[in-house]
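Please treat every number below as a calculation from the coordinates, not as lab data. Please read all numbers here as calculations on a predicted model, not as lab measurements. Glycine also receives a Cβ, built like all others from the backbone with ideal geometry; neighbour counts cover every protein chain displayed.
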Amino acid sequence: MKRQLLMTPGPTPVPKAIMDKMAEPIIHHRTPEYREIFKSVCADLKTVFKTRNDCCVLTSSGTGAMEASVVNMLSPGDKAIAVRGGKFGERYYDICKAYGVDVIPVDIKWGTAPDPKEIKKILDDNPGIKAVYTELCETSTATVYDIKALGNVIKDYSAIFVVDAISGLAADDLQTDTWNVDIAVSGSQKALMLPPGLSFLSVSEKAWGMAKNSRLPKYYYDLNKYRKSLDQGDTPFTPAITLTIGLKRALEAIKKKGIDNILKECKGMAKQLRNEAEKLGFEIFSKSPSNAVTALKVPAGVDGALLVKAIKTRGITVAGGQAELKGKIIRVSHMGAVTENDITKTVGVLKEALKELNTK
Ligand SMILES: *Cc1c(COP(=O)(O)O)cnc(C)c1O
């Protein structure tokens, strides 16, 4: 198999400069040297999250941080809302269920975004809701949600607003503080240009306040432990030292370019991909397309699995659809280290692959 250009919405390509940094000899974490690195990472994360809140760093995939945002906030039987517009919204619902949370699903058509008015109605009809869980980008449908509008509704209630920005952060704009987001969750292997293994949460004062009364079981993901050691540049358990060193390098690159310039680039690449794909006869699946990833409908008469395979044979890995979208869409990422040139290459390969399948 040809060496693959990863155009998947996680993992994404890791630039060589970051790989080289991570190839250096391991250092110990209870040292001034590591603490400096960790402190700088925690400070730079705030810039990317657009927050003044503390950011906790966990050694886990993104789902670990999602779980942390449930078990640290709620108690058994608490009421919460989870927007289910795709695979990852379902995951938030499932995590709540697993811990005995009385979670109200908001089922929306896959590929659409939740209506803030509907969330408001549920909050009004069910007093005492503690948390609203949603995505910034629902990666399974490549749909961006209007977090600003949702935050504007939720801020007037006692509920905290929790946003899974695992794929969206540093691709779709997220103004954590201005948009009244209490917890924003992310992970290392999407727009942050790292391998999988780190997850992040920014936590507001409102959320820390709620955490005080939370009685769900937790140990490894007890965020209070992480918060206590944060000021010293420490973590309660052995951190993923190598990944943190890589993260420092990645955040330096992001800072150098400027987060808003990066968002602009993603927007440009998303447009480029959609325009070119439409010219090839693809339709865009989402009614509210994300700048992190695009979902293209597999044209009628074409086998989705074969299309992904034909693309892969030509050196590019894209993602297929998940669950009900299996075989019906392909997903192409334009976040992280992906360049305009990669998009151009991908479009060329899409064209060839379609041609091959249409002439079979
Ligand atoms: C990738 C992704 C996740 C899952 O993260 P893991 O790192 O696989 O645990 C969750 N939510 C969204 C929106 C994602 O894109």
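Observations
- Under-5 Å amide H pairs with Ala184, H placed in peptide plane, nonlocal only: Val163, Ser202
- Per-residue 3J(HN,Hα) values for the range 24-31, derived from phi via the Karplus relation 6.51 cos²θ - 1.76 cosθ + 1.60 with θ = phi - 60°, read 6, x, 5, 10, 7, 8, 8, 9 Hz in sequence order (x marks Gly and Pro).
- Semi-axes of the equivalent ellipsoid for the range 139-219, Cα gyration tensor, largest first, Å: 22, 18, 10
- Taking each DSSP H run with n ≥ 4 as -39500 (n - 2.57) and averaging over every residue of the chain yields -12500 deg cm²/dmol at 222 nm.
- With a threshold of 24 Å on the Cα-Cα distance, the over-threshold entries among Lys130/Lys225; Lys87/Lys212; Lys97/Lys148 are Lys87/Lys212; Lys97/Lys148.
- The range 16-133: equivalent-ellipsoid semi-axes (sqrt of 5 x gyration tensor eigenvalues, Cα, Å): 36, 16, 14
- As a size descriptor, the averaged projected area of the C-alpha convex hull of the range 212-360 was calculated at 13.1 nm².
- In Hz, Karplus ³J(HN,Hα) per residue of the range 226-236 (6.51, -1.76, 1.60; θ = phi - 60°; x = Gly, Pro): 5, 5, 4, 8, 4, 4, 8, x, 10, 10, x
- The reciprocal of the average 1/r between distinct C-alpha atoms defines the Kirkwood hydrodynamic radius, which for the range 16-256 equals 17.9 Å.
- Label point distance in nm, Glu340-Ala17, each placed 7 Å from Cα along Cα→Cβ: 1.9 nm
- 5 angstrom amide H check on Arg84, placed H, neighbours 5+ away: Val106, Asp107, Ile108
- The Cα atoms of the range 215-292 cover 53, 36, 20 Å along the three principal axes, with the biggest extent listed first.
- Within the range 16-256, percent of DSSP bridges classed antiparallel, to nearest 5: 45 percent
- Nonlocal amide H pairs with Gly320, under 5 Å, H built at 1.01 Å: Arg331
- In the range 37-94, the ratio of gyration radius to Kirkwood radius, Rg to Rh, stands at 1.04 when only Cα atoms are counted.
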